[in-house]
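Accompanying notes for the structure given below.
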Amino acid sequence: MYFDERRAHFLQDRLHRRLRACGLDTFYSYYRLLTSHEGKAELTALLENLTVNETSFFRNRPQLDLFHKVTLEEILHRKQERRDWTLRVWSAGCSTGQEPYTVAMLIADALAYYYLRNPLPFEMPSLKPLIPPPWRVEILASDINYSVLRAAQEGAYPEHQMEPVEYTYRLRYFDKIGDRYAVKKAVKDLVHFDFHNLKTEFLPQRNDVIFCRNVMIYFDEAEQKRLVEKFYRCLNSEGYLFVGHAESLFGLTDKFRMIHQNNGTAYQRIEVAHS
Ligand SMILES: C[S@@+](CC[C@H](N)C(=O)[O-])C[C@H]1O[C@@H](n2cnc3c(N)ncnc32)[C@H](O)[C@@H]1O
């Protein structure tokens, strides 16, 4: 994790909180604890205090419109031509799950609309499943923070977090349970949550799309460059990368081409010819 001058105060404050919780009075004794064998659980607790987990449903709508109406349309068309019926999306740094669940709802909608206009050459069951066969949609959602992953897996959200979710989406994709909105099982079944540290080398491969939004801003430039290089390798050919509103690949790589439409931005992997 990278903390520049502007975030030093935040780091100091969070460290103080953990020092107090452990009953320690110096940074050095806390450092000794963290680096000891017994300190493993404390390291996890510290990490969970240092990550910024802010997120929301339908965050950055212009970008999601681009994903929904342009990117997905292009991928579905390209894949259908090759009779490749698998769509793999990775939400890297998924926090409490709003991002991967938004993506799942958008994919379900895009597939339904696509087949309204281009019927499949197969008989469709009268009770239409969320994902029309033979398509298989896999959304992998990962984070470094176990607490947010647990909340994401539960997938039940209070009213105030539902504000960006339109009425029709609430109706189709959520059940109201008590005072919370629970993501329907059919949507949950599309998303698989897992722990991944983006700084490691072993990351999920063969993705058609990667969402890594509002995560890189907390990395230094060298780490951002390494991450973008890893994302390049984790994408299928012509795959897409979506980064946060305040992030860009400018100066980090020349292996992606930028697509910018109606205020939404995406990056598509450029295929380099091998000699
Ligand atoms: C600000 S949230 C963004 C959530 C979502 N992508 C969005 O844009 O709404 C950043 C998330 O990245 C996770 N994160 C930070 N560093 C990470 C790392 N090295 N590996 C994996 N996840 C990380 C944090 O735990 C946090 O949940």
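The values are calculated or read from the model by the stated rules, or taken from the named source; none is laboratory data. The structure presented is a predicted model; accordingly, all values stated were derived computationally and were not measured. A quick note on method: Cβ atoms are made from the backbone with ideal geometry, for glycine too, and the neighbour counts reach across all protein chains shown.
Just name the residue that is nearest to the ligand (Cβ to nearest atom) out of those in region 23-60 that are charged (D, E, K, R), outside any loop (DSSP other than H, G, I, E, B) and surrounded by 13 or more Cβ atoms within 10 Å (Cβ to Cβ). Of everything passing the filter in region 23-60, Glu48 is nearest to the ligand (Cβ to nearest atom). Within region 212-224, restricting attention to residues that are part of a helix (DSSP H, G or I) and touching a helix residue (DSSP H, G or I) at 6+ places or on another chain (Cβ under 7 Å), the residue that is farthest from Ile144 (Cα to Cα) is Gln224.
The residues of region 250-275 that are assigned to a strand (DSSP E or B) and polar (S, T, N, Q), listed by number, are Gln261, Thr265, Gln268.
If I filter region 212-251 down to residues being at positive phi and touching a residue at least 60 places away in the same chain (Cβ under 8 Å), which single residue comes out as surrounded by the fewest Cβ atoms within 10 Å (Cβ to Cβ)? Here the answer is Glu238.
Taking the criterion of being of a type in the set (Val, Ile, Thr) and not in a helix (DSSP H, G or I), the residues of region 165-195 that qualify are Val165, Ile177, Val183, Val191. Remark: Glu247 matches the filter, which requires a residue to be in a loop (DSSP other than H, G, I, E, B) and within 15 Å of the chain's Cα centre (by Cα). The residue that is surrounded by the most Cβ atoms within 10 Å (Cβ to Cβ), counting only those in region 264-274 that are more than 15 Å from the ligand (Cβ to nearest atom) and at pLDDT 95 or above, is Tyr267. The requirement of being touching a residue at least 60 places away in the same chain (Cβ under 8 Å), in a helix (DSSP H, G or I), more than 30 Å from Trp135 (Cα to Cα) and within 14 Å of the ligand (Cβ to nearest atom) is not satisfied by Leu64.
Looking across Leu87, Leu140, Leu111, Leu130, one residue alone is more than 27 Å from Gly244 (Cα to Cα) and either away from the ligand (no atom under 14 Å from the Cβ) or within 10 Å of the chain's Cα centre (by Cα) (or both). It is Leu130. Taken over region 80-92, the residue count meeting the criterion of being in contact (Cβ under 8 Å) with a residue 12 or more places away in the chain, among the basic types (Lys, Arg) and more than 19 Å from Leu203 (Cα to Cα) is 0.
Of the residues making up region 46-74, those that are among the aromatic types (Phe, Trp, Tyr) and modelled with pLDDT under 95 number 0. Taken over region 210-241, the criterion of being farther than 25 Å from Glu74 by Cα and β-branched (Val, Ile, Thr) is satisfied by Val215, Ile217. Entry remark, region 202-211: residues being under 26 Å from Arg150 (Cβ atoms), in contact (Cβ under 8 Å) with a residue 12 or more places away in the chain and surrounded by fewer than 21 Cβ atoms within 10 Å (Cβ to Cβ) number 3 in total.
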